[in-house]
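K.L.:
Questions regarding the structure given below will be posed in turn.
What follows draws every value from the coordinates through simple rules; no lab data is involved. It should be emphasised that the depicted structure is a prediction, and the values quoted were computed from it without experimental measurement. Reconstructed Cβ throughout: ideal geometry from the backbone, glycine too, with neighbour counts over all protein chains shown.
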Amino acid sequence: MIPEQLREALESIRQIQRTVIDRQRFRGFSGRARVAAGIFALIMAFVMRIAFPPTTRSHLIGWGIVLVVALLLNGGAVSYWFLFDPRVRRDVRRLRPLMDTIPPLVVGGALTAALVLRGQHDYLFGVWMCMFGLSNLASRYVLPGPTVWVGLFYVVCGMAWWFLPDGGFLDPLPAGLVFCAGEVASGLILHFDERRYLLLERREAAVLAADEGE
């Protein structure tokens, strides 16, 4: 009898721990926005390869469009979550996890500017991939666990890119495939984690309602 009670107590503790971890996670990132941004990156890579002039300037403009669209999608999702999610209540402290992603982005932006100024464009994709990877790894404690693998995928691809003999900036398709794969994977991870969290909330609400009914 005692072992059974102990087992139930341990299971209750584990459930509480899982609930606490779920509530500490950052819910501002949208899985659908990530997926959309990844697919758009791949589409733009095809467009640049087929229709853009084979010049560094035109391809920089193309990737700049990808950046703007990704910022609008993901930034819009975070803003909507912050303003309208009743669980957030517009509490600025809920945005703190975003600060963890800023250092890799700032460093990546500085490296991008330095490489562009020095004409070293072939290294840009590697910098961007590592930047995305480090941003994912920096958020690993407030995002679902599998996000770590997405971060490692980006970092490995980025470092490998620097040593590829044919890793040219004017061939956007390989980079588009990497960004699409990474963003779609992270988007699906976020989407299914959010669904699981909502299901957990519904179960808790049902249990509370049943307790109050008794």
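K.L.:
Given R₀ = 30 Å, FRET efficiency for VAL156-HIS191 by Cβ-Cβ distance, to 0.05? List each step's numbers first, then the result.
P.N.:
Working: r = 24 Å, r/R0 = 0.80.
Once the sixth-power term is evaluated, E becomes 0.80.
K.L.:
Let me ask something additional. For VAL106 and PHE46, calculate 0.36 nm times their separation in residues minus their Cα-Cα distance, and state this gained length in nm to one decimal. Walk me through the numbers on the way to the answer.
P.N.:
On the way: separation 60, 0.36 × 60 = 21.60 nm, distance 2.77 nm.
Gain in length upon complete extension: 18.8 nm.
K.L.:
Same structure again: Return ILE189, ILE102 ranked ascending by Cβ neighbour count within 10 Å, so the fewest neighbours appear first.
P.N.:
Numbers: ILE189 19, ILE102 11.
Sorted ascending by nearby Cβ count, the order is ILE102, ILE189.
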